[in-house]
Amino acid sequence: MGKLGKKARKFAKKNLQSVEKRNRKLKPFFKKKFAKKNGRREAGDKEEVKKVEKQPKKICPVEDFQDIPIDAVFGKDDDEVLHDGDSDSDGYLDEDSAAVEGAEGDEMSVQSKESMSELKKQRRKLAKLNEKLVDEAGSDIMKRRVLSGSVLSTCCDLVDEKQSVQALIRLLNWYRAACYYGHEPSGTAKPDIVYDIEDGETFAKVLIFVLQKADHTFRSILGLSDSNIKEKILKLKNNPKWDSLKPLVKSFLRSTLHLVKHAADSEIIVFAVTQLRVSIVLFAAFPDLLKKLIKISIHLWVTGEHTLSKQAFLILKDISMVFNSECFDTCLVNMYKAYLHECDFPTANSERLLFLRDFLVELCSQDVQKSYTKASVSITQLAKLLKMALITKNKEAVEKIHSGQYTNCVDLWVNFIAANVQDCDLKTLLYTIVQVINGVAQLIIGPRYLLLRVKCIQWLNHLSRTSGIFIPIASLVWDMLEYKTTNDGEKQEQKKHDAVSTVKLPKNWLKSQNFQEQCIFSVIEVLAAHFAQWSFHISFPELATIPIMRLKYFYEKSNMEGLKRVVKRFIEQVESNIEFVQRKRDDATFSPNDQKSADLFMQHEKQNTNASYTQYYQSIINKAPGTKKKKK
């Protein structure tokens with residue numbers, strides 16, 4: 001910029017200040033003027049941020065996987081009901097009570113003179129028995145009564161032939177002494193009379209006689225039939241005979257429950273449980289004893305041997321039938337809880353778990369509507385746990401999915417749905433459980449989870465076969481063919497691995513030849529089962545084309561001759577069936593849109609067991625490890 005003239009410089013000096021000089025003057029002014037405003041703005045911004053932070057977020061809270069129990073079908077009332085009971089013993093029956101005289105008086109008022117004379121004869125026999133007991137026990141008769149063989153035979157004759165109430169009371173007292181032998185409850189008052197048994201033979205005879213004859217004697221005196229109708233028992237409350245006989249029935253049931261609970265010999269327990277099953281209807285008058293029976297039966301069902309477990313289950317099944325609405329939920333909930341508790345043990349026997357599972361499915365099938373509610377809640381809990389594991393990939397959540405409790409719970413409801421899907425509308429449960437199974441199979445993909453993957457595919461095949469609904473499995477099978485294994489592994493000793501009990505294979509087993517063989521055999525087995533269901537369907541050629549292409553690729557890539565022969569034979573059988581269905585389809589005259597005709601396609605051939613692919617599939621089933629175990 002050139003120099004200004006004299007006048008211009010003077011004008012600028014007075015009126016036009018330089019930019020720098022103006023900035024120097026105005027800078028402090030702006031700082032002082034806008035400092036408070038800026039501070040207010042910053043404080044306001046902070047308050048707004050705090051308000052935003054205080055506002056509740058609309059995002060759904062994430063539930064902890066530990067707060068999602070698998071046993072969510074349990075209600076507090078159903079679980080606690082078995083812990084409520086009365087005292088363990090009411091003591092011995094009074095032989096000289098007015099109740100006995102009243103019972104015999106009621107009988108005499110109805111009976112004829114001949115029956116009255118017979119009753120007098122019974123009393124004379126009982127008087128002679130008292131004299132005999134005096135001679136055997138000596139001066140200590142007021143404190144101790146010993147049951148000998150002759151006394152037992154006389155009392156048994158009176159009960160068996162005359163239905164003598166007084167003789168029955170004596171037998172029940174000795175029966176109680178036998179059941180409580182060595183387990184007399186503490187805290188009860190000592191009786192005036194101590195009932196003792198002479199020897200082991202008499203001990204066994206009194207147990208057997210009372211167990212076999214007590215129920216029939218009670219029914220004969222009360223005039224009841226052998227049917228298990230609880231309403232008849234409840235109507236007896238206004239009957240004077242029942243008032244006098246009720247303590248006897250209660251003493252018999254209570255003593256038998258104590259024997260079943262504390263006996264050490266399994267044969268005695270089985271015999272007592274079998275005989276007690278006949279008297280199920282009598283428990284209608286004693287709700288506390290009925291709860292105790294359910295609790296003991298569930299314990300025996302879970303822990304007992306095969307025969308004892310079966311008899312205990314039959315008692316639970318009869319209870320749920322006789323006391324339908326009252327006790328079905330209690331039996332189902334507590335049996336389910338005991339089953340899951342048994343599955344939680346790492347050393348649980350897989351055959352034992354399958355045994356218990358089948359019984360539980362049978363009980364659930366007894367009332368499908370009530371079981372549907374329990375199954376829906378349980379499957380929903382399984383789905384929640386799976387969703388948490390898929391989202392978070394938490395190690396503990398994944399381990400819970402792969403636990404024996406989770407897999408056996410899925411196995412239980414799969415079999416329940418498969419057993420009732422044809423007769424009841426269970427499509428909602430079917431859809432949910434299929435989604436759960438697919439999620440479990442895809443949670444962790446790796447060779448160590450081969451058995452769990454195979455079990456998931458078997459579940460899907462089972463549901464598809466029983467429901468008649470197509471459920472694809474091919475995507476789950478191909479991962480098993482792509483497991484990276486080495487051919488250098490030595491063939492180890494064959495070990496028993498079950499998909500329910502052993503979820504995760506050991507690492508050293510992955511390098512063995514056994515693992516490679518089991519991968520291919522498992523693929524062939526599950527695909528053969530899948531194709532067997534749809535082998536005569538009109539769309540079988542399209543269903544089997546891609547799987548055969550993948551197997552051919554594996555066949556060309558593999559260098560294990562033994563496995564290649566198995567794969568080649570399977571490919572040949574499937575291709576042969578594809579050609580067979582294709583020829584039949586070419587001869588069909590109906591349109592592809594005709595669904596009814598398509599469903600009836602090759603119905604006659606389905607009944608033919610001599611078809612080539614059917615025989616091939618049967619040979620695979622016969623060679624399967626599970627089939628061999630069943631035959632043994």
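The values are calculated or read from the model by the stated rules, or taken from the named source; none is laboratory data. Since the model is a prediction, treat every value here as computed from it, not as a measurement. For neighbour counting, all protein chains shown are included, and Cβ atoms are generated from backbone atoms with ideal geometry for every residue, glycine included. Surface accessibility is based on the protein's heavy atoms, side chains included, excluding ligands, DNA and RNA. Shrake-Rupley method; radii C 1.70, N 1.55, O 1.52, S 1.80 Å.
Condition check: modelled with pLDDT under 90, aromatic (Phe, Trp, Tyr) and either in a helix (DSSP H, G or I) or open to solvent by 20 Å² or more (accessible area, probe 1.4 Å) (or both). Does Phe359 satisfy that?
no
Among the residues of the stretch 510-524, write down those that are of a type in the set (Gly, Ala, Ser) and either open to solvent by 30 Å² or more (accessible area, probe 1.4 Å) or part of a helix (DSSP H, G or I) (or both).
Matches in the stretch 510-524: Ser522 only.
Taking the condition over 20 Å from the mean Cα position of the chain (by Cα), open to solvent by less than 10 Å² (accessible area, probe 1.4 Å) and not charged (D, E, K, R), does Ala441 pass?
Criteria met by Ala441.
For the stretch 281-317, enumerate the residues that are assigned to a helix (DSSP H, G or I) and over 26 Å from Arg352 (Cβ atoms).
If the condition is that a residue be assigned to a helix (DSSP H, G or I) and over 26 Å from Arg352 (Cβ atoms), then Val281, Leu282, Phe283, Ala284, Ala285, Pro287, Asp288, Leu289, Leu290, Lys291 are the ones that fit.
Taking the stretch 398-411 only, how many residues are surrounded by fewer than 22 Cβ atoms within 10 Å (Cβ to Cβ) and either more than 14 Å from the chain's Cα centre (by Cα) or not in a helix (DSSP H, G or I) (or both)?
Adding up the residues that qualify gives 5.
In the stretch 576-595, is there at least one residue being in contact with a Pro (Cβ under 9 Å, 6 or more places away or on another chain) and open to solvent by 80 Å² or more (accessible area, probe 1.4 Å)?
Yes.
Does Cys331 fit the bill of being under 29 Å from Lys232 (Cα atoms), open to solvent by less than 10 Å² (accessible area, probe 1.4 Å) and within 13 Å of the chain's Cα centre (by Cα)?
yes
Before we move on, is Ser365 at negative phi, surrounded by fewer than 20 Cβ atoms within 10 Å (Cβ to Cβ) and in contact (Cβ under 8 Å) with a residue 40 or more places away in the chain?
yes
Name the pairs whose Cβ atoms lie under 8 Å apart, with the first residue in the stretch 376-400 and within 22 Å of Leu426 (Cβ to Cβ), the second open to solvent by 80 Å² or more (accessible area, probe 1.4 Å) and in a helix (DSSP H, G or I), and 6 or more positions between them or separate chains?
Ser376/Thr428; Ala383/Gln435
For Leu257, only one of the following conditions fails: (1) open to solvent by 30 Å² or more (accessible area, probe 1.4 Å); (2) hydrophobic (A, V, I, L, M, F, W, C); (3) under 20 Å from Leu172 (Cα atoms). What is its number?
Result: Leu257 passes all but (1).
In the set Leu527, Leu563, Leu543, which member is more than 22 Å from Arg465 (Cβ to Cβ) and either in contact (Cβ under 8 Å) with a residue 12 or more places away in the chain or not in a loop (DSSP other than H, G, I, E, B) (or both)?
Step by step, each of Leu527, Leu563, Leu543 is checked, and only Leu563 is more than 22 Å from Arg465 (Cβ to Cβ) and either in contact (Cβ under 8 Å) with a residue 12 or more places away in the chain or not in a loop (DSSP other than H, G, I, E, B) (or both).
Criterion first (open to solvent by 10 Å² or more (accessible area, probe 1.4 Å), within 14 Å of the chain's Cα centre (by Cα) and farther than 30 Å from Pro247 by Cβ) does Tyr372 satisfy it?
Yes, satisfied.
In the stretch 574-583, is there at least one residue being out of contact with any Leu (no Cβ under 9 Å at 6 or more places or on another chain), closer than 27 Å to Met549 by Cα and modelled with pLDDT under 85?
Checked the stretch 574-583: no residue is out of contact with any Leu (no Cβ under 9 Å at 6 or more places or on another chain), closer than 27 Å to Met549 by Cα and modelled with pLDDT under 85.
I'd like to verify a number: residues in the stretch 461-485 that are aromatic (Phe, Trp, Tyr), more than 17 Å from Leu505 (Cβ to Cβ) and at pLDDT below 90, how many?
So the count comes out to 1.
Among the numbered criteria (1) part of a helix (DSSP H, G or I); (2) open to solvent by 40 Å² or more (accessible area, probe 1.4 Å); (3) at pLDDT 85 or above, which one does His537 miss?
(1)
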